[in-house]
Amino acid sequence: MCGIVGYIGTQAATDILISGLERLEYRGYDSAGIATVEEGQVNCVKAKGKLFNLREKLEHTINHAQIGIGHTRWATHGKPEEHNAHPHLNTDRRLAVVQNGIIENYLELKEELISKKIEFRSETDTEVIPHLITQFLTDSNSLMTAIQKTIARLEGAFAIAVVHADNPYELIVARQQAPLVLGFGQGEFFCASDMTAILPHTRTILNLENGEIARLTPLGVEIYDFEGARMSRFPRTLDWNPVQVEKQGFRHYMLKEIYEQPAVVRTCLDTYINPNWHADENPDYSPVNLGLTPNLTDNLEHIQVLACGTSWHAALIGKYLLEQVAGIPTTVDYASEFRYSPKPIISNTLTIGVTQSGETADTIAALESERARRADLEPKFQAKLLAITNRAESSIAQICDRIIDTHAGIEIGVAATKTFVAQTMGFYFLSLDLAYRRQSVPNYKIGEIIAGLRHIPSQIETILDTQADAIEELAHDFTTEIEDFIFIGRGINFPIALEGALKLKEISYIHAEAYPAGEMKHGPIALLDNKVPVVAVAMPGSVYDKVISNAQEAKARDARLIGVTTAMNATEAAHTFDDILTVPEVDELISPILAVVPLQMLSYHIAAIKGLDVDQPRNLAKSVTVE
Ligand code: F6R
């Protein structure tokens, strides 16, 4: 987590750093700080809390520096206090460092430095870095060499940026398993944890790779490996548009992103569904163009999916589809658990990492460990790694054999919405591709599923057009007094109950739990009374009657019942539920993508009415790059 940004060029660095931090604030917002170099001095300003505190501090300062670094923090080592905010300085305050990641051996390094009479000003792991660089600078005059020697002492995953008062034309950055992108302008260069920070200035970017160190000067960028060998790398031009990262009139990014979902699904369909494929023509090619090679798809005996948070919920829907449509036994694990308790090795296994950011440390490490533990085994046990991600240029894309790019566009709200829907689409496509290749269901069934998917964009639009006001009104009932919610669902919609509960807790801070509806009577039903609303995802299909019965059981315990269902069952639903969030008629297999939308809206409105920071909920960060 944390966001770092750096600038060297001809403009005033402070404004560029602050606007960059604004775009990185989703990565952490416990504190922020910048350090610039001007007239032989490092000028460092930091503030606890969100960026506006730093802005306020900078308001009456005049700073013409043309080089600087900035940081927005998600606290790991040391409380979110100003003295722990980055940048961290060396003893004579002439060298400043920002870091994203964790220096795992910092305690050992700190003790070593303390034994040399170095005084520390913070409790962070990062502060060892400026002191170590300074130690190595006494042996060599080269900042680059001193940083290289320092990096050789660091263990962990990190990205750093360094400036020095004696080197006003040099900004040095390095990357070891934490994201860092370089931006190329005219006589000016940028670095940042995420390209969104530099998009307003340039669309020419280069992703630094693990083990690389770059020297940015007003004349250009030089890249070396950690041993000092010069690397030859070429930037590329993005087709992203800076407007995509504006709110465009919406009150919050999350709301804008909910409303972008129809367009996201359309893009997914246009990108991956083969328009010429017709089930009744017995086509000899797949209905889905995922570009998967036979070595990834043939003879699969098992699929294992690794993910965290909302991506894990998409993976659970994926499991349902891969088993029920493609007929392949599938397991889903939290990446953070899988890392330390990997499952027995099965031959011909496809391992899928799901991550919108492509940078989640646990997911990346779980995939890497899977590759490593299979590396020396015979071919049928070798790792086949596939990523479903919204960031084609991210770390996960670099370690996997292939990616399914979800094309959702950048998501700024910390609570995932459109990327969840896009990941779920990715699983529909994968299941259909595998189902076709294995002929696990007849072509006409594949055709029916595709036809159903094609209706999704307009059906989401219908929900947004017809339900928004009612959902906002309903949300008012839960903004005071209610402290707990229960979500229930079954089958393919149990993950939607999980996702509804996660959205509610992360942005409204209301405690919420999700259970498979049939599990309520095995314990959780004891929680119910008239102060605990129950949301039942009751989409018509194989388990509809069961969910309705489970909902009735909750109602008998005085719970206020909110149903997510279709108009088809209006009479029965009206009889069962106190409040109904209506979605269009849809086949059960496709229903999760519709059912999630009213739950996203409900959480959004509860949090917005409570006046909470919807886009940057407390304690969270968008990109979880620490373990
Ligand atoms: C919840 C949310 C998180 C992420 C999780 C994994 O709204 O956004 O639970 O889903 O941190 O992130 P990615 O998908 O980037 O791996």
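Table: residues versus (1) within 11 Å of the ligand (Cβ to nearest atom); (2) crowded, with 24+ Cβ neighbours inside 10 Å; (3) in the same structural domain as Pro179 (by TED's automatic domain parsing); (4) among the acidic types (Asp, Glu).
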| site | (1), (2), (3), (4) |
| --- | --- |
| Leu377 | no, no, no, no |
| Arg402 | no, no, no, no |
| Asp405 | no, no, no, yes |
| Thr419 | yes, yes, no, no |
Kindly indicate whether Ile328 is more than 22 Å from the chain's Cα centre (by Cα) and farther than 30 Å from Asn443 by Cα.
no
What are the pairs with Cβ atoms under 6 angstrom where one residue, in the range 327-356, is surrounded by fewer than 18 Cβ atoms within 10 Å (Cβ to Cβ) and the other, located anywhere, is among the aliphatic types (A, V, I, L, M) and assigned to a loop (DSSP other than H, G, I, E, B)? Sequence gap at least six, or different chains.
Asn348/Leu300
Assuming Gln423 fulfils every condition listed in (1) of a type outside the set (A, V, I, L, M, F, W, C); (2) in contact with an Asp or Glu (Cβ under 6 Å, 6 or more places away or on another chain); (3) within 12 Å of the ligand (Cβ to nearest atom); (4) assigned to a helix (DSSP H, G or I) apart from one, which condition is it?
(2)
Scan (1) modelled with pLDDT of 95 or more; (2) within 16 Å of the ligand (Cβ to nearest atom); (3) outside any strand (DSSP E or B) for the single condition Leu385 breaks and write down its number.
(3)
Identify the residue in the range 1-26 that is charged (D, E, K, R) and in contact (Cβ under 8 Å) with a residue 40 or more places away in the chain and, among all such residues, is farthest from Lys48 (Cα to Cα).
Arg23
Is there a residue being of a type outside the set (Gly, Ala, Ser) and more than 16 Å from the ligand (Cβ to nearest atom) anywhere in the range 598-608?
yes
Gly523 fails exactly one of the following numbered conditions: (1) on the phi > 0 side of the Ramachandran plot; (2) buried (at least 16 other Cβ atoms within 10 Å of the Cβ). What is the number of that condition?
(2)
Would you mind stating whether Val128 is in the same structural domain as Val162 (by TED's automatic domain parsing) and farther than 17 Å from Asn43 by Cα?
yes
Say whether the condition of being in contact with a helix residue (DSSP H, G or I) (Cβ under 7 Å, 6 or more places away or on another chain), outside the structural domain of Lys418 (by TED's automatic domain parsing), more than 29 Å from Phe427 (Cα to Cα) and of a type in the set (Lys, Arg) is met by at least one residue in the range 514-530.
yes
Could you tell me how many of the residues in the range 480-494 are more than 13 Å from Met539 (Cα to Cα) and in contact (Cβ under 8 Å) with a residue 12 or more places away in the chain?
7
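Every residue, every condition in (1) at pLDDT 95 or above; (2) touching a Ser or Thr at 6+ places or on another chain (Cβ under 6 Å); (3) away from the ligand (no atom under 16 Å from the Cβ), yes or no:
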| site | (1), (2), (3) |
| --- | --- |
| Glu519 | no, no, yes |
| Pro524 | no, no, yes |
| Asn530 | no, no, yes |
| Ser549 | no, no, yes |
| Ala567 | no, yes, yes |
| Thr576 | no, no, yes |
| Ala595 | yes, no, yes |
| Arg618 | no, no, no |
| Ser623 | no, yes, no |
Can you tell me which residues in the range 173-211 are closer than 11 Å to Phe158 by Cα, assigned to a strand (DSSP E or B) and out of contact with any Lys or Arg (no Cβ under 9 Å at 6 or more places or on another chain)?
Ala174, Arg175, Gln176, Gln177
Report yes if some residue within the range 539-548 is closer than 29 Å to Lys610 by Cα and out of contact with any helix residue (DSSP H, G or I) (no Cβ under 8 Å at 6 or more places or on another chain); otherwise report no.
no
Quick one: count up the residues across the range 500-528 that are in contact with a strand residue (DSSP E or B) (Cβ under 8 Å, 6 or more places away or on another chain) and either more than 24 Å from Gly541 (Cα to Cα) or of a type outside the set (A, V, I, L, M, F, W, C) (or both).
13
Regarding the range 506-513, can at least one residue be identified that is within 16 Å of the ligand (Cβ to nearest atom), in contact (Cβ under 8 Å) with a residue 12 or more places away in the chain, assigned to a loop (DSSP other than H, G, I, E, B) and at negative phi?
yes
Any hit, the range 588-596, residues being in a helix (DSSP H, G or I), of a type in the set (S, T, N, Q) and under 29 Å from Tyr428 (Cα atoms):
yes
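The values are calculated or read from the model by the stated rules, or taken from the named source; none is laboratory data. All of these numbers come straight from a predicted model, not from anything done at the bench. Every residue, glycine as well, gets a Cβ built from its backbone with ideal geometry; the counts of neighbours run over all protein chains shown.
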